[in-house]
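Have a look at the structure below before the remarks.
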Amino acid sequence: MQNVKSGWKNWQLLTEKGRQIWAFKPVSNNINDHLQNVDSVPDEELTRVVEDFQFDKSINPNSGDRVYRNAAINSKFQEFTGQIPQSKNLEAQKVTDALIKGMNYYSYLQCEDGHWPGDYGGPLFLLPGLLITSYISETPFPKVHREMMKRYIFNHQNNDAGWGMHIEGESTMFGTVMQYVSLRLLGVDKNQEQLSNARTWIKNNGGATGIPSWGKFYLAILNLYDWQGFNSLFPEMWLFPKWLPVHPWRYWCHSRMVYLPMAYCYAQRIKAPENELILSLREEIYNENFEAINWPKQRNAVCKKDCYTTPSPILKWMNFFTNHYEKFKCNWLRKKATDYILGYLNAEDEQTDYVNIGPVNKAINSICIWHAYGKDSEKFKKHVARWYDYLWVAEDGMKMSGYNGSQLWDTAFATRAMLESDLGKLFPSTIAKSYQFIDHSQIKSEHATHAEYFRHPMIGSWPFSTTENGWPVADCTAEGLSATLAIHHSCLVKSTIDEHRIKQAVDILLSYQNSDGGWATYELTRAPKWLEKLNPSEVFADIMIDYSWTECTAACVISLLEIQETDPVYKNSEIRKAISSGLNFILKQQKPDGSWYGGWAVCFTYATWFGVEALSKARGKGYHDDAVLSVSINKACAFLVAKQKADGGWGETFESCSKLVYTEAATSQVVNTAWALLTLMTADFGVKKVIESGIKVLLKRQSDIGDWPQENISGVFNYNCMITYANYRNIFPIWALNRYYRQIIQE
Ligand code: LAN
């Protein structure tokens, strides 16, 4: 590998049953010892190491996960030595060789516990949350971590001196103020050039009073913003009767679990003590004198560059009421609400072994627990131990991941991609290890408090990351199940996931179907769509309830179709009904131009692949009127054919997601190309030339060792924030080549 920097080699990823922690020069492979000796690094060595994480964003803001990959490949790497099937056709042989090379390389990235680790960064507002938590609780990260974080933040500063919501985004007030404050908390001098330029950006764009509400929250915690300038989070809402459509148990679990600790902090008006740094920051980020700011007036002030959703009149009306209530509130009721919230926070911590559902509540729960029980409490220490589960090192520095990883998701996809044809069987130990991980990750028990805290039943399901996080996800269950079936079908391993557990997975999938025929993410849709009118976030859309999605629905339909093939007896009529209504949902989601919008990856090529895969798999099996399915499939394929770029590939940018229209990237992208190819091949659309030229793009982009380049960012959430899926650049080209091998070369 070229240009490997020596500083990278000091960092090693320790893993255990999916848990991932980066350790600096670890003394052992024991994941719990990752901090031993970290403080004994001499300063000059530290400076040298951090210099090796200089990263030029202008070439590509997406790092290539080279620190992990370099360490995984290292000296162990060998070319594939097994028997490669031979074909007389030279072009076909090239594809077979590339595919084997791709799988061989990728198998080296798998770790011993069977999962594929990978960079899951992208959003820029996460690390600041954790740094603010560390600051207020006076629990600093080791110096080498702090220096690596600083590097990361500097590396992602835009040319205009601001920062975006995510690494590819244009500068926003949210992104910029959060990074600016983080750098200051990390000890950077305010006169440092990059900071003074950032300050100019902030001031030129109206100052930090225009930071969106999540930023107002963090600034208030730091005592850099007055809580009076924050719309009430009305903690009493948690005491509402459950039948009310606005009771938070009905919210999308991510909103529920973020607004929960935020409400605690709001009720307690938690704020850091004033000190020199805080007083100085108050002067640095505002255009007006801090003391003179009219705080209540700032509640709805949001910088134009940040606005993605505008508050509805109902939300404004509700805020008017709840803000006034603060003046007359009943202390007894407030205490009752706060106690309830704290009980809920403890339950979430225990249910997830302190990993928590995601990066945002990870940080804010830590603040609440520190506030409630103190720095020396066992509970807080357990929180701190898990901060490291969210940190990731790549060649652009140390970042906070968008989750505690994407372990199960990537492993299930990788397995399915490899087993798409018989060639995957050339890697039996890789598949055996994935199986072990998938087996381990299936959820086997319920929490004692699951019903009390509104959790969907979960036995038999799979989470997105690890068992410890343990939040079941509908389509992760579908992918876990599909991967399990593919492995069983390959006969490469002795099955340990027995029929009973397969049936549990099927039961859970069925329990997840919404009345609109679709599947949502973690739970059923629990409230009507109008609840979205109460979305207070300004920067995210569709966060209030768990909606049915094309991708989630297609994944569930596909795995149910597979179950019907392997066990046509189990709950036959119920499954058939579920599939039919799922297909109807997918058909309804299709756009007039034939495409589907993707809510969880970039973007139309992604969801169109899911939609067509499900419809094609169902075609000819009596679940639906085949003529209708064919019209829809053909329309989708025609859409894709029309979007093929001159070089034979496909490419979208993240703006497809935020603007909701297909937005072409300047160059084709291997991940989009692979999705389009998978779609066209599964649909049997009969466009051989189109497919061949797409395959050529994948071959051309492959490196000598068998990797593909990291191009544009691939993932998204809530329309407006992008997230990295480092494994996609391998999984999907492998999958597409493997399908090509099975359908075209092997036959
Ligand atoms: C994820 C990651 C995985 C993703 C898929 C499984 C791919 C999808 O098909 C269903 C939704 C899901 C599970 C998903 C939901 C939103 C998440 C959890 C994330 C994108 C990872 C990070 C994001 C989370 C909300 C980030 C924190 C930000 C907030 C607005 C709370």
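Taken along the Cα-to-beta-carbon direction at a fixed 7 Å, the label points for L279 and K700 span 6.3 nm.
Report note on the peptides 628-640, 550-562, 133-145, 403-415: ranked by the mean count of other C-beta atoms within 10 Å, highest first, their order is 403-415, 550-562, 628-640, 133-145.
Potential lengthening of the chain between E499 and A646 amounts to 48.1 nm, from the contour at 0.36 nm per residue minus the alpha-carbon distance. Potential lengthening of the chain between A385 and A666 amounts to 96.9 nm, from the contour at 0.36 nm per residue minus the alpha-carbon distance.
Backbone N atoms of segment 507-530 closer than 20 Å to the 7 Å Cα→Cβ label point of H488 belong to residues 507-512.
Assuming R0 = 25 Å, can you tell me the calculated FRET efficiency for the pair E350 and N32, based on Cβ-Cβ distance, to the nearest 0.05? Given R0 = 25 Å and the Cβ-Cβ separation, E is 0.80. The Cα atoms of segment 8-72 give a gyration tensor whose axes a ≥ b ≥ c have a/c of 1.5 or more with a/b no greater than b/c, which makes the shape oblate. Taking a ≥ b ≥ c as the square roots of the Cα gyration tensor eigenvalues, with a/c under 1.5 meaning rounded and otherwise prolate when a/b beats b/c, else oblate, which class fits the chain? It comes out prolate by the Cα gyration axes. Run a plain Debye calculation on segment 302-441 (Cα atoms as equal point scatterers, no solvent) and give log10 I(q)/I(0) at q = 0.15, 0.19 Å⁻¹, rounded to two decimals, same order as the q list. These q points yield log10 I(q)/I(0) values of -1.02, -1.15.
Quotient of the Cα radius of gyration of segment 433-475 and 2.2 N^0.38 Å, N being its number of residues: 1.16. Taking segment 619-662 and a reference point 7 angstrom along Cα→Cβ of S573, the backbone N atoms nearer than 17 Å belong to 623.
Scalar couplings 3J(HN,Hα) for segment 225-233, obtained by applying the Karplus form with A = 6.51, B = -1.76, C = 1.60 to θ = phi - 60°, are 7, 7, 4, 5, x, 10, 4, 4, 9 Hz; x denotes Gly and Pro. Remark: segment 453-467, residue by residue, has Karplus-estimated 3J(HN,Hα) of 10, 6, 7, 5, x, 9, 4, x, 8, 10, x, 6, 10, 10, 4 Hz, where x stands for each Gly or Pro and the curve is 6.51 cos²θ - 1.76 cosθ + 1.60 at θ = phi - 60°.
Summarising the label geometry, the points placed 7 Å from Cα in the beta-carbon direction at T310 and K190 lie 3.6 nm from one another. Would you list the membrane-span-like helices of the chain, meaning whole DSSP H runs whose alpha-carbon atoms span at least 15 Å along their axis and whose mean Kyte-Doolittle value is at least 0.5? For the chain, where a helix must reach 15 Å along its axis and average at least 0.5, the hits are 126-136, 173-185, 550-566, 626-643, 670-683. For T309, the shell of other residues with beta-carbons less than 11 Å away shows a net charge of -3, using +1 for Lys and Arg and -1 for Asp and Glu.
The radius of gyration of the Cα set in segment 511-576, together with its Dmax, comes out at 15.1, 49 angstrom. Let me make sure I get this right: for segment 144-224, a, b and c are the square roots of the gyration tensor eigenvalues over alpha carbons, sorted descending. Under 1.5 in a/c it's rounded, otherwise prolate if a/b > b/c, else oblate. Which is it? Rounded shape, in that the Cα axes give a/c under 1.5.
Taking the square roots of 5 times each eigenvalue of the Cα gyration tensor of segment 466-519, largest first, gives ellipsoid semi-axes of 23, 13, 10 Å. Straight Cα distances below 20 angstrom link K659 to the lysines K304, K305, K533, K591, K643, with same-chain residues fewer than 8 positions distant left out.
Working note: Karplus 6.51/-1.76/1.60 with θ = phi - 60° gives segment 390-399 the couplings 9, 9, 9, 10, 9, 5, 9, x, 10, 10 Hz, where Gly and Pro are set to x. A straight chain from L244 to T139 at 0.36 nm per residue would run longer than the Cα-Cα distance by 33.8 nm.
Over the residues of the chain, the helix contribution to mean residue ellipticity at 222 nm works out to -15000 deg cm²/dmol, using -39500 (n - 2.57) for each DSSP H run of at least 4. Model label sites at K689 and S6, defined 7 Å from Cα along the beta-carbon direction, differ in position by 5.5 nm.
Read-outs: derived from the displayed coordinates by stated rules, not from any lab. All figures in this text were calculated on a predicted structure; none of them were measured in a lab. Here Cβ is always computed from backbone atoms with ideal geometry, including for glycine, and neighbour counts include all displayed protein chains.
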